[in-house]
Amino acid sequence: MKIDDQPIPELPTRIMHGLGVSPGIALGIAYVHETGGLSVIEYCIPEARIAQEVARFREAVAHVAADLRKIQEDVRRLPGQSAEEVAVILEAHVLMLKRSRLVRGVETLIAEKSINAEAAVKHQIDDLMETFAAMEDGYLAGRADDVRDLGQRLVRRLGHGEGTPFADLPRQSIVLADELTPADTAQMDPARVVAFATELGGIASHTAIMARSLGIPAVVGVSGLTHNLCAGCTVIVDGTAGRVILNPTSEQLADYRKWRAAALRRFRSLNRLRALPAVTRDGLRATLLANIERPEETSAAVLAGAEGIGLFRSEFLYMNRDDVPTADEQYGILRNVVERMDGLPVTFRTLDVGGDKLSRLFDLAAGPNPAMGLRAVRLSLARPELLRAQFEAAFRAARHGPVRVLLPMVASPDELRQCRVHYAETFAALSRARVALPDEPPPLGVMIEVPGAALNADAIAKEADFLSIGTNDLTQYTLAIDRSDEQVSHLYDSMHPAVLRLIHFTTEAGRRARVPVSVCGEVAGDPHYTGLLLGMGIKELSMAPGNLLFVKAQVRQMEAAAAHALVQAVLRQSEGTEIRALVAAFNGEDA
Ligand code: PEP
Ligand code: MG
C-alpha cells in the first residue's frame, strides 16, 4: 500500500517545529518509540492493531512475572528475616499480575480507548494508587508504592520487551520519540527508517550525527511532539526546515512530491562530481574523507567518493552489548573496513564513550558531570587493557592497508605520552609473539577538541603524528553549551570568534611543527564553513558521507586566495554576527 493512500481521516493535521539536524524531507509511517523510562507517551492505536497491542502487553506481563520469580529466588537465598519479608512483597506483586484488576483494567483500556499499552498501564496504575492511598488502613495505604513499582516494571518491559528495540520496525518508518540515544540510533535499520524526530536533543548531539551518517532527515527538540501521537499515521519530517507534519493535507503531500523530484535532480547533478578532485578554481587540492560510526557505513563512504576514512568512531562497537569487544573482534571489523577502502587511509579513533554516548559496559553516568568525567582517553588510560586491545586491532589491521590511530579528548601532552608508552609496549609484545604486523606502528594522532589542548597545540603537535580538530566538542567546551541540549542550541555556534581562533591557533601550531591538521567535527561537512577552513590552511576535511559531494561542489567553485582573505577579515571580528555576514558574502548568500 502506498503511504499517501492511508491518512487517518479523523486525525487533525499538526505542524511542529524543532531543530533540523539532518537535511532532506521524508514521508513515512509514525513509529512511536517508548524509551522504557518512567515518562510515558500516549498515542492512539488503529483499530486493526488493538489485538496485537493487547498481545504485546500480555507478553510484558509474562516477562515481568518471570523477572519477579527470579528475584524472589535470589532473595530467598539471602540470610535473615528481612529476606522473608521482601519475598512476601514480591509474591504480592506476582499475584497482582494474574488476571487482577490491574491486568484486566489495562486490557480494557487498550481496547476501549484505542491507546498504547504503556499509556493504559499508566492510567490504571494512577487509578489504583489513588484508591490505595485513600485507604484509612496505613498498611494498605502503603501498598500504593507496590502498585507504582509494578507499573514501572511493566512500562520498562514494554519499552525493551523482546529482543532489541526497533526489531519490529516496518519499512518506511519514521521514528518519533521523547529522546533517542546514540545507542538507540545505532540499532535502527537504515533500510526501514526514513527519518526521525524527537522532543529532546541538540544540534551537535551524537544522535543528530548518526542521522547525518545514515543520510536520513531528522528534527530534534520538537516541543510537544509526543502528545496526541498516533502510531501508524502519516508523517513528513523536513530536516532542512526543522519541521514535522503529522497527518499532512493533500497539498502538503503534493509539496513533498515536488521537493522529492527536485532533490533527485540535485543529487544526479552532484553525483557527476564523484570522480572529480576537490580542487579550488585556483588549484588548491583538498582531501575529503568520511566519518563513520558503524562499519556498514563504509559503503556510503565509497559511494560518495571519499578519499579515506578520517574518523571511525570505534565506541559504537561497544554499544548495545554486554561484553567488551576483544582485540580479535575489533581487528576483524577494522580489517574489513581497511580492505573495502582499498589502499585509502582509515583513521581508527580509540574508545570515546561518555557525555551523550553511553555504553552499558561502563558506568559513566555515575559521576557528577559525565561530560567532564572519566571518559574517552581518560577512561582508556584508567583501563589500559581497553586501550591495548584497540591498539592491537589497529596494528594487525594496518597490514592490510594504511591505518592511523586517533586519541579522543586529549587535554595535555602527558596523556599522549602515556598512550605512546602503551602503543610501543603493545607493538613490542605482539612482535615478540610473532603476530603479523607492519614494519612500523601506524601514525598516532590527537583530537584537538578540548580548549586547553587547542591552546597548548604547539606542545602536543611536537609529539603527535597528526592533529584532527573535533569542532563539536571544541565548541561545546569553549562556549560551555551542552551540544545535546535543545534549550541552549541557539547559543551553540562554531562561528563564535573564540572557536574560530582556537581552530586557527591549532592549524598554525600544526604548520609550525610540520604536522598535518585536519577537521573531523561537523563543520567539516557544512559547505558554509568550507571557505573558512580552507582559508585557514586546512586541506583535509572529514565528514558524514552524505555531505561529501556538497562540500566538494563548494571547494570547486571557490578560490583559495579569496578564502585566505576571508579568514584574515574574520579573525579581526569579535562578534558572531559580523563573522556570519562576511562568510555569507563569501558564499554568495544573504546574511
Ligand atoms: C568532535 O567532537 O568534533 C568529534 C568529531 O568527535 P565526536 O563528535 O564523536 O565527539
Ligand atoms: Mg568529540
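The values are calculated or read from the model by the stated rules, or taken from the named source; none is laboratory data. Keep in mind that this is a model prediction, so the values were computed, not measured. Cβ coordinates were reconstructed from backbone atoms using ideal geometry, including for glycine residues, and neighbour counts include every protein chain displayed. Accessible surface areas use protein heavy atoms only, side chains included; no ligands, DNA or RNA. Shrake-Rupley method; radii C 1.70, N 1.55, O 1.52, S 1.80 Å.
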Could you check, for the stretch 344-358, whether at least one of its residues is under 20 Å from the mean Cα position of the chain (by Cα), farther than 26 Å from P442 by Cβ, among the acidic types (D, E) and within 14 Å of ligand 1 (Cβ to nearest atom)? yes
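Any residue at all in the stretch 452-472 that's part of a helix (DSSP H, G or I), within 18 Å of the chain's Cα centre (by Cα) and more than 12 Å from ligand 1 (Cβ to nearest atom)? Quick ask: steps written out before the conclusion?
Let us first name the residues in the stretch 452-472 that are part of a helix (DSSP H, G or I), namely 452-455, 457-463, 471-472.
Of the ones still in play, those that are also within 18 Å of the chain's Cα centre (by Cα) are 471-472.
Still in the list and also more than 12 Å from ligand 1 (Cβ to nearest atom): none.
Scanning the stretch 452-472 turns up no residue that is part of a helix (DSSP H, G or I), within 18 Å of the chain's Cα centre (by Cα) and more than 12 Å from ligand 1 (Cβ to nearest atom).
Which residues, counting only those in the stretch 439-450, are within 12 Å of ligand 1 (Cβ to nearest atom) and open to solvent by 10 Å² or more (accessible area, probe 1.4 Å)?
Going through the stretch 439-450, the residues within 12 Å of ligand 1 (Cβ to nearest atom) turn out to be 447-450.
Correct list: V450 only.
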Subset of the stretch 307-318 [open to solvent by 10 Å² or more (accessible area, probe 1.4 Å) and of a type in the set (A, V, I, L, M, F, W, C)]: F316, L317
The residue from G525, G537, G531 that alone is at positive phi and either of a type outside the set (D, E, K, R) or not assigned by TED's automatic domain parsing to the domain that holds D458 (or both) is G537
Test result for I579, open to solvent by less than 30 Å² (accessible area, probe 1.4 Å) and closer than 26 Å to P408 by Cβ: no
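Only one of L229, L253, L214 is in contact (Cβ under 8 Å) with a residue 24 or more places away in the chain, surrounded by 24 or more Cβ atoms within 10 Å (Cβ to Cβ), in contact with a strand residue (DSSP E or B) (Cβ under 8 Å, 6 or more places away or on another chain) and not assigned by TED's automatic domain parsing to the domain that holds A290. Can you tell me which?
Numbers: L229 fails: surrounded by 24 or more Cβ atoms within 10 Å (Cβ to Cβ); L253 fails: surrounded by 24 or more Cβ atoms within 10 Å (Cβ to Cβ).
Of the residues listed, the single one that is in contact (Cβ under 8 Å) with a residue 24 or more places away in the chain, surrounded by 24 or more Cβ atoms within 10 Å (Cβ to Cβ), in contact with a strand residue (DSSP E or B) (Cβ under 8 Å, 6 or more places away or on another chain) and not assigned by TED's automatic domain parsing to the domain that holds A290 is L214.
Just a yes or no: is a residue in the stretch 488-495 under 21 Å from the mean Cα position of the chain (by Cα) and within 16 Å of ligand 2 (Cβ to nearest atom)? I'd like the intermediate steps shown before the answer.
Narrowing the stretch 488-495 to residues under 21 Å from the mean Cα position of the chain (by Cα): 488-494.
Checking which are within 16 Å of ligand 2 (Cβ to nearest atom) leaves us with 492, 494.
The answer is yes, given that some residue of the stretch 488-495 is under 21 Å from the mean Cα position of the chain (by Cα) and within 16 Å of ligand 2 (Cβ to nearest atom).
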I need every pair where a residue in the stretch 553-572 that is open to solvent by 60 Å² or more (accessible area, probe 1.4 Å) has its Cβ under 6 Å from the Cβ of a residue that is in a loop (DSSP other than H, G, I, E, B), sequence separation at least 6 or different chains. E559/T280; E559/R281; E559/D282; A561/D282
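Hey, could you check the stretch 372-390 for residues that are of a type in the set (A, V, I, L, M) and buried (at least 16 other Cβ atoms within 10 Å of the Cβ) and say which is farthest from ligand 1 (Cβ to nearest atom)?
First, the residues of the stretch 372-390 that are of a type in the set (A, V, I, L, M): 372, 374, 376-377, 379, 381-382, 386-387, 389.
If we keep only those that are buried (at least 16 other Cβ atoms within 10 Å of the Cβ) as well, we get 374, 376-377, 379, 381, 386-387, 389.
Working: L374: 16, A376: 8, V377: 12, L379: 14, L381: 18, L386: 17, L387: 17, A389: 20 Å.
Result: A389.
Residues checked against (1) hydrophobic (A, V, I, L, M, F, W, C); (2) surrounded by fewer than 23 Cβ atoms within 10 Å (Cβ to Cβ); (3) at pLDDT 95 or above:
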site: D322; (1), (2), (3): no, yes, no
site: L344; (1), (2), (3): yes, yes, yes
site: L351; (1), (2), (3): yes, no, yes
site: G355; (1), (2), (3): no, no, no
site: D414; (1), (2), (3): no, yes, yes
Tell me whether the stretch 534-552 contains one or more residues that are open to solvent by 20 Å² or more (accessible area, probe 1.4 Å), within 23 Å of the chain's Cα centre (by Cα), of a type in the set (D, E, K, R) and within 14 Å of ligand 1 (Cβ to nearest atom). no
Picked from the stretch 34-66 (must be open to solvent by less than 50 Å² (accessible area, probe 1.4 Å) and at pLDDT below 85), the residue nearest to the chain's Cα centre (by Cα) is T35
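Going by the conditions given, is V94 part of a helix (DSSP H, G or I) and either open to solvent by 70 Å² or more (accessible area, probe 1.4 Å) or at pLDDT 90 or above (or both)? Before you say what the answer is, go through the steps one by one.
Working: part of a helix (DSSP H, G or I): yes; either open to solvent by 70 Å² or more (accessible area, probe 1.4 Å) or at pLDDT 90 or above (or both): no.
Against the criterion (part of a helix (DSSP H, G or I) and either open to solvent by 70 Å² or more (accessible area, probe 1.4 Å) or at pLDDT 90 or above (or both)), V94 does not qualify.
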Of the conditions (1) within 16 Å of ligand 2 (Cβ to nearest atom); (2) surrounded by fewer than 18 Cβ atoms within 10 Å (Cβ to Cβ), R360 clears all except one; give me its number. (1)
Does L334 qualify as being open to solvent by less than 40 Å² (accessible area, probe 1.4 Å), free of Cβ contacts under 8 Å to residues at least 40 places away in the same chain and away from ligand 1 (no atom under 13 Å from the Cβ)? no
Does any residue of the stretch 420-438 turn out to be under 24 Å from the mean Cα position of the chain (by Cα), on the phi < 0 side of the Ramachandran plot and open to solvent by less than 30 Å² (accessible area, probe 1.4 Å)? no
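Return the residues of the stretch 278-301 that are farther than 30 Å from H564 by Cβ and not in a loop (DSSP other than H, G, I, E, B); say none if nothing qualifies. Working first, answer last.
As a first pass, look at the stretch 278-301 and keep what is farther than 30 Å from H564 by Cβ: 292-300.
Those that are farther than 30 Å from H564 by Cβ and not in a loop (DSSP other than H, G, I, E, B): I292, P295, E296, E297, T298, S299, A300.
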Restricting to the stretch 473-486, and then to whatever is free of Cβ contacts under 8 Å to residues at least 60 places away in the same chain, open to solvent by 20 Å² or more (accessible area, probe 1.4 Å) and part of a helix (DSSP H, G or I), can you tell me which residue is nearest to ligand 2 (Cβ to nearest atom)? Y477
